Amino acid sequence: MTSSKKTKETPQEPAGTSERGQDLSAKAFIISSIWWFVISTSVGLLLAIKFLWPEFMGNTPEFTFGRMRPLHVNGVLFGWLLAVDMGLLYYVIPRLCGNRLYSEKLGMFTVIAFNLVITAAVFTTLGGVTQGLEYAELPWFLDIGVTVVWVVFGINIFGTILTRKHEKMYVAIWYTMGAIVWTTFVYTAGNFGTELFTGVNQANLNWFYVHNAVGLIFTPLGVALAYYLIPKQTQAPLYSHKLSMIGFWTISFIYVWTGAHHMIHGPISQWLQTVAIIFSAMLIIPVWTVIVNFFGTVSGKWDLVRRDPILKYLMTGTTFYLLTCFQGPMQALRSVNAITSKTDWVVGHAHMAVFGAFSFFAVAGCLYAVPRMVKKPLYSQALANSAFWFMFSGGLIYFVLLWIGGFIQGLQWNDPSIPFIDTVKFMAPFWWSRLAGGTLIFTGAVLFLYNISRTFTYDPASATATGPTPTEGDTKPAKAAV
Amino acid sequence: MNLLKKTDHNAMYLFAGVLGMFLIGGVMTTIVPALTEKSWRQETKGTRPYTAAQKRGKAIYKREGCWYCHTQQVRTLEADRATTRSGWRGVKAPISTPGEYVRDKPHMLGTRRIGPDLARVGGKYDRSWHRTHFMNPRHLVPGSVMPPFPWLVKRDGGKEFEDLVEYIQTLGRTINWRPDNDYER
């Protein structure tokens, strides 16, 4: 252990040889999650069309807005993002620990069980079987399935960490462990704990879950991946260990207090609203430390970002993370909230967090990990670049136009002389832009799926490789840059 | 700082650290208010338990995802109370209070207002208005983006429609806020 102040750290990797069955669960989780990404995004696209033609697909109860919306939300959150994060961590954590995944069998169990749960969820959500709480729509028997998968995933990751060869744990490991611990509580509280309460108590617990699902599940998992990938892909040591400590310990203390900011001006005690607002503002600390750390790591190497799709995803993801976490504290302020709350502004904001930031980190992870696992270059760098530009431009159109439309609609709501229906009609051009942006995002997702699938299947002997071969140069020992 | 450095190397320290940090905020914002905020569990005077039909209606409201587009809260904003919003016929809507929600499980407060807020919609429109509106919202509100729900009205002789309207007519009625009992049936 050489943790002197002069030592710069890079994620460590073993020089081990590959074994049969290695990374099997990582591969399976990644490819299945990308399918859910495409499926859930297509559902989102259909929903966007419904805003323009409310009768579109409206002849059957199963395909009405109220049934398809939870399918889109649960599909992207769980089917795609949580699953791909789990798959990528099956790849990353063993490499940071200098060993193999604790159990590939348990790993495959989580892949199969989780995909069964999500498949069942398609039928329950469209069938109108719902708990009636946001992000917690899945019925109790599927909640149990998710919980079991998560606990087994946790055991697998903790098992890997406890048998690690490198004593010092890299930042990505802290965030992963944190996420596993927090998620267990947050998910249980949001899906089972809410059954014990009614009314405002239940609403408070519901939004405790909703907010921390993003803040203490997808944020730490996404940040863990970026902490691994950015130094790796730039071959630069992490900018600052101290900043990563401040970022990690402040987020673990601050985030959990903010759930009630979903009810500002609502029927909930003012003191709790104020507490949520104060802690929301304090979130600037953990976010900015992480951002400075990421940008600092890439500092001086920005020409790489121009050429490399993985770094493009990582650095735009970082920028979207910065923006989304600047919006968050601002939206929590009472004066701003009076305008933005309940409008499409929030929809733009949420998509920037889950898609723009954390999905971008995950896509970067797939582009990085899959070629290394199959020991072939990525099928097509050009395709990866165009997928990026589709997702990036589509995302930007989606976010920005909904902020503008939502903000103006919020101002209109605050003018009682404007009839409500006029504020709905006003949104039409912005909903058109959302459809346009969504179409670009969906196109990018399909290209991404095709690229990753072909990377698995193509024969390197007969194909002309367009990307750099993933070398085991990755396995060079850490602390290269002392 | 030394304590933090320990967590770099010891997984158990880290585990205890992240759990402890989380639990402080978690307990303070969910369990403490549940114990101390009596107003959150004390029903507003005049609250009646839902009838069987109203319960079925609320289940339909939940099943069809009405709550994704309609909030049920008059916030502490003047505009929310206006007669063009949750108010009606020259009367401003009273602000929603926690006591009005105690019997609601799941709560239907909502996060998005694609359509108007429904916290005080009970008694605003009569049954025949709702029937036409569910058949096709645009017959009554040109420019509406609400999907039509004709099967609620047609299936089983409109039993689900009847139940749903029973529930809708309770919304915001715990407080008798309109003079002369001026509510539609």
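Please state the equivalent ellipsoid semi-axes for chain B: what are the square roots of 5 times the Cα gyration tensor eigenvalues, largest first, in whole Å? List each step's numbers first, then the result.
On the way: eigenvalues 341, 84, 56 Å².
So the three semi-axes of chain B are 41, 21, 17 Å.
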Checking the a/c ratio against 1.5 first, then a/b against b/c, what shape does the Cα gyration tensor give for segment A:41-174? prolate
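Starting from the alpha-carbon convex hull of the protein assembly as shown, give the projected area averaged over all orientations, in nm².
Values: hull surface 112.5 nm².
Dividing the Cα hull surface by four gives the mean projection, 28.1 nm².
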Taking GluC sites (Glu not before Pro) in a DSSP loop with at most 15 other Cβ atoms within 10 angstrom as exposed, one finds the longest site-free stretch of chain A at A:168-482
If I ignore ligands, DNA and RNA and count only protein heavy atoms, how much of A:Ser299 is accessible to a 1.4 Å probe, in Å² to the nearest 10? 80 Å²
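Just flag the chymotrypsin sites (Phe, Trp or Tyr not before Pro) in segment A:36-113 sitting in loop per DSSP whose Cβ has no more than 16 other Cβ atoms within 10 Å. Each step should come with its number before you reach the end.
Numbers: sites: A:Trp36, A:Phe37, A:Phe51, A:Phe56, A:Phe63, A:Phe65, A:Phe78, A:Trp80, A:Tyr90, A:Tyr91, A:Tyr102, A:Phe109; in loops: A:Phe56, A:Tyr102.
Loop-located and lightly packed - A:Phe56.
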Sort B:Arg81, A:Arg307, B:Arg113 from largest to smallest accessible area, using a 1.4 Å probe on the heavy atoms of the protein chains. A:Arg307, B:Arg81, B:Arg113
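Ranked from the most accessible area to the least, with a 1.4 Å probe and all protein chains present, what is the order of B:Met146, A:Met177?
On the way: B:Met146 40, A:Met177 0 Å².
Result of the area sort, largest leading: B:Met146, A:Met177.
Semi-axes of the equivalent ellipsoid of segment A:109-225: what are they in whole Å, largest first, if each equals the square root of 5 times a C-alpha gyration tensor eigenvalue?
Values: eigenvalues 158, 62, 24 Å².
They are 28, 18, 11 Å, listed from largest to smallest.
Using only atoms on other chains, find how many Cβ atoms lie within 10 Å of each Cβ of peptide B:7-15 and report the average.
Numbers: counts 6, 13, 6, 2, 8, 1, 0, 9, 6.
Per residue, the number of nearby Cβ atoms from other chains is 6 on average.
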Mean other chain Cβ within 10 Å across A:342-348 is 3
Using the Karplus equation 6.51 cos²θ - 1.76 cosθ + 1.60 (θ = phi - 60°), what ³J(HN,Hα) coupling, rounded to whole Hz, does each residue of segment B:53-59 give in order, writing x for Gly and Pro? 5, 5, 4, 4, x, 5, 5
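Within 10 Å of each candidate Cβ there may be at most 14 other Cβ atoms; applying that plus a DSSP loop requirement, which trypsin sites (Lys or Arg not before Pro) in segment A:342-408 survive?
On the way: sites: A:Lys342, A:Arg372, A:Lys375; in loops: A:Lys342, A:Lys375.
Taking segment A:342-408 and a limit of 14 other Cβ atoms within 10 Å, the loop trypsin sites (Lys or Arg not before Pro) found are A:Lys375.
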Counting only other residues whose beta carbon sits under 12 Å from that of A:Val347, what net charge do I get with K and R as +1, D and E as -1? +4
Averaged over A:244-252, number of beta-carbon atoms from partner chains that fall within 10 Å: 3
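Mind ranking A:Trp53, B:Trp40 by accessible surface for me, highest first, 1.4 Å probe?
On the way: A:Trp53 135, B:Trp40 0 Å².
The ordering from most to least exposed comes out as A:Trp53, B:Trp40.
For segment B:23-135, what number of Lys pairs, 8 or more residues apart or on separate chains, have alpha-carbon atoms under 17 Å from each other?
On the way: B:Lys55/B:Lys105; B:Lys58/B:Lys105; B:Lys62/B:Lys105; B:Lys92/B:Lys124.
Step by step, the pairs that qualify in segment B:23-135 add up to 4.
The values are calculated or read from the model by the stated rules, or taken from the named source; none is laboratory data. Quick caveat, the model's predicted, so the values are computed rather than measured. Cβ sites come from the backbone with ideal geometry, for glycine too, and all protein chains shown count toward neighbours. Side chains included, ligands, DNA and RNA excluded: accessible areas come from the protein's heavy atoms. Shrake-Rupley method; radii C 1.70, N 1.55, O 1.52, S 1.80 Å.
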